[in-house]
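Worksheet: the structure to be examined is printed underneath.
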Amino acid sequence: MLANSVAVRIQAAANIVDANGALIENFYHPGLAVGSSTNPTCCPNSPLNGSWYTPADNGSMCNSFFSLRARNKVPPSFLATLQNNLLSNMLVDQSVTRQYAGDIWGTYYQYPSFGPQSCSKSNRTEDNDFRYQSWYVNTVSPKKKNIVVIIDESSSMQFYAPKYKSRMAAAKEAAKTVVNTLSARDWAGVVAFSNEVRTPKGCFGDKIAQANSRNKKVFNDFIDAIIPINRTVYSRAFKRAFDMLDEIKNTSSEQFEDSLDTIIFLTDGGPSDKIEDIRKVIADGNRKMVGGPCFISS
């Protein structure tokens with residue numbers, strides 16, 4: 001009986017999410033990807049929702065724009081319609097206490113508002129753009145992910161890059177952004193390479209591991225400690241990445257069922273090894289992958 005009650009509440013919440021998504025999609029059509037969540041553990045990670053202990057203002061909705069395009073795209077009339085819809089959801093089902101959503105243009109919606117800081121300009125920074133947070137990424141890309149991030153740590157990475165102190169600083173930020181968007185249903189690994197290949201020390205080492213909070217900290221600490229040195233040997237890095245994926249595929253095959261398998265390759269230039277050697281490693285690695293080749297992003 002308790003199980004039935006919980007199932008009914010979960011279904012009711014899911015219906016509300018679907019209705020909210022449909023309302024926003026109908027406004028933006030075509031080309032909208034909507035992110036919304038019924039998972040209460042997502043809420044504290046939202047940058048704009050204020051403290052759990054701040055009194056809610058049920059008479060107002062928080063909306064914030066992370067790009068000029070987003071601001072120009074949303075008229076006040078639509079915001080009023082959406083706010084009325086979100087309020088109606090809470091009146092119909094009092095178990096729903098918070099609703100939030102985001103779109104690909106960079107508009108964030110939250111109901112109810114939680115005090116004056118909930119939508120302040122100080123919250124609209126690149127660092128807390130919701131489009132880089134796990135609740136949004138895992139909604140618009142719902143497949144579980146198996147990802148290995150490869151980071152070039154050769155000596156050339158110490159040179160200047162626009163908007164960054166160095167190319168390494170840019171690569172580290174990109175790698176940590178990927179890691180931080182993953183959820184516990186995803187698995188990940190990190191590889192640093194120059195002449196040799198390195199992975200984080202610890203229990204998983206040369207394997208990919210569940211992207212839970214503890215493991216993501218290990219990945220991020222490893223990334224932060226990378227120092228540029230030596231040459232750039234691509235083939236060894238790709239071989240290690242494919243071996244890491246293959247190891248888990250053979251021991252936890254269910255993780256690769258209907259999954260998005262990706263190697264993200266962060267480098268600044270040409271390899272020290274032969275192109276034909278690199279291509280052979282990638283071709284051999286892809287032949288081992290379940291359900292088709294692994295997607296490689298550089």
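The values are calculated or read from the model by the stated rules, or taken from the named source; none is laboratory data. Please read all numbers here as calculations on a predicted model, not as lab measurements. As a convention, Cβ positions derive from the backbone with ideal geometry for all residues, glycine included, and neighbour counts pool all protein chains shown. We work out accessible area using only protein heavy atoms, side chains counted, and drop any ligands, DNA or RNA first. Shrake-Rupley method; radii C 1.70, N 1.55, O 1.52, S 1.80 Å.
Excluding residues on the same chain fewer than 8 positions from Lys144, give the lysines whose Cα lies under 28 Å from its Cα.
Of all the lysines, those that pass the test against Lys144 - Cα under 28 Å, at least 8 places apart if same chain - are Lys172, Lys176, Lys201, Lys207, Lys216, Lys217, Lys239, Lys249, Lys280, Lys288.
If contacts are Cα pairs under 8 angstrom and at least 6 residues apart, what is the relative contact order of the range 151-206 in percent?
On the way: 45 pairs, mean separation 18.6, N = 56.
The normalised contact order for the range 151-206 reaches 33 percent.
Quick one: which residues, 5+ away or cross-chain, put their amide H under 5 Å from the amide H of Ser166? H built at 1.01 Å from N.
Residues meeting the criterion, in which the H sits 1.01 Å from N, are Ala161.
Considering the alpha-carbon set of the range 145-203 alone, what are its Rg and its Dmax in angstrom?
When restricted to the Cα atoms of the range 145-203, Rg and Dmax are 12.8, 37 Å.
So in the range 136-225, what percent of DSSP beta bridges are antiparallel if you round to the nearest 5?
Once the DSSP bridges in the range 136-225 are tallied, antiparallel ones form about 40 percent.
At a 10 angstrom cut-off on C-beta neighbours, averaged per residue, how do the peptides 173-181, 192-200 rank from highest to lowest?
Taking the mean over residues of other Cβ atoms within 10 Å, the ranking is 192-200, 173-181.
Taking amide H positions as placed in the peptide plane 1.01 Å from N, state which residues far from Gln99 in sequence (5 or more) or on other chains have amide H under 5 Å from it.
Residues meeting the amide H criterion: Tyr111.
I need to check one value: relative contact order of the range 150-296, counting alpha carbon pairs closer than 8 Å and at least 6 residues apart, in percent.
On the way: 212 pairs, mean separation 41.9, N = 147.
Relative contact order for the range 150-296 comes out at 28 percent.
Please express the Cα-Cα pair-distance distribution P(r) of the range 172-268 as a list of whole percents, one per 10 Å bin, running from 0 to the bin with the greatest distance.
Histogramming the range 172-268 at 10 Å steps yields 15, 51, 30, 4 percent.
Got a number for carbon plus sulfur as a percent of the range 172-298's accessible area, 1.4 Å probe?
51 percent
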